[in-house]
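Here's the structure, in structure tokens; my notes come after.
The values are calculated or read from the model by the stated rules, or taken from the named source; none is laboratory data. It should be emphasised that the depicted structure is a prediction, and the values quoted were computed from it without experimental measurement. Don't worry about glycine lacking a Cβ; one is built from the backbone with ideal geometry, like all the others, and counts go over all protein chains shown. Each accessible area value is taken on the protein alone, full model and side chains, heavy atoms only, with ligands, DNA and RNA left out. Shrake-Rupley method; radii C 1.70, N 1.55, O 1.52, S 1.80 Å.
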Amino acid sequence: MKIMSVDMGDARTGLAVCDKSEFLASPVTVIHEWNKTTLAQKVVDKAKELGVEQIVVGNPLNMDGSAGSRSQMCHDFADSLRSLCDIDVVMWDERNTTVTATHYLNVTDTRGKKRKNVVDAVAATIILETYLNYRKNSREV
């Protein structure tokens, strides 16, 4: 199944997608949008363009597993996506994905403006990779 992940931010939202075999997750784009209604429509449009069957929205839980205001905002965003399309939308724990993405970009020496433009797409890719690993491991059990 082709799946797209979303790393929602205040100004930039990263998107990643996997192939139909759910083997390879790749960054797609970063959407620069402050308005959450417009952002939701742009995400749905991209999902339809890519032919995805599921959208995974990163859920920024606190380190203790509790949900804060950012988590609620992402849940509200997921509800907006559900109201705009008939694609399955799920929430997925995204703790530490931006930190991991930043580490990856440090290793590849990606700096400055380029780094700012790709960190959210890399974070979305990490969200999708962890979700795909979960799906793979839960099927094998």
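Checked against a 23 Å cut-off, the cross-linked pairs 2/46; 46/136; 20/46 give Cα-Cα distances beyond that limit for 46/136.
Summarising the amide proton neighbourhood of residue 9: residues at separation of 5 or more, or on other chains, whose placed amide H is nearer than 5 Å comprise 14.
Rank-order 33-41, 49-57 by packing density, defined as the average count of other C-beta atoms within 10 Å over each peptide's residues, highest first.
Numbers: 33-41: 15.0, 49-57: 17.6.
Ranked from most to least packed, the peptides come out as 49-57, 33-41.
At a Förster radius of 25 Å, what calculated FRET efficiency corresponds to the Cβ-Cβ distance of residue 72 and residue 2, to the nearest 0.05? Before the final figure, lay out each step's value.
On the way: r = 28 Å, r/R0 = 1.13.
After rounding to 0.05, the efficiency reads 0.30.
Extending 7 Å from Cα along the Cβ direction at residue 24 and again at residue 64 yields two label points whose distance is 4.3 nm.
Ignoring aspartates and glutamates fewer than eight residues from residue 48 along the same chain, the ones with Cα atoms less than 19 angstrom from its Cα are 7, 19, 22, 33, 79, 86, 88.
Residue 135 contributes an accessible area of around 50 Å² to the protein surface, as traced by a 1.4 Å probe with all chains present. Applying 1/(1 + (r/R0)^6) with R0 = 22 Å to the Cβ-Cβ distance of residue 82 and residue 134 gives a FRET efficiency near 0.60.
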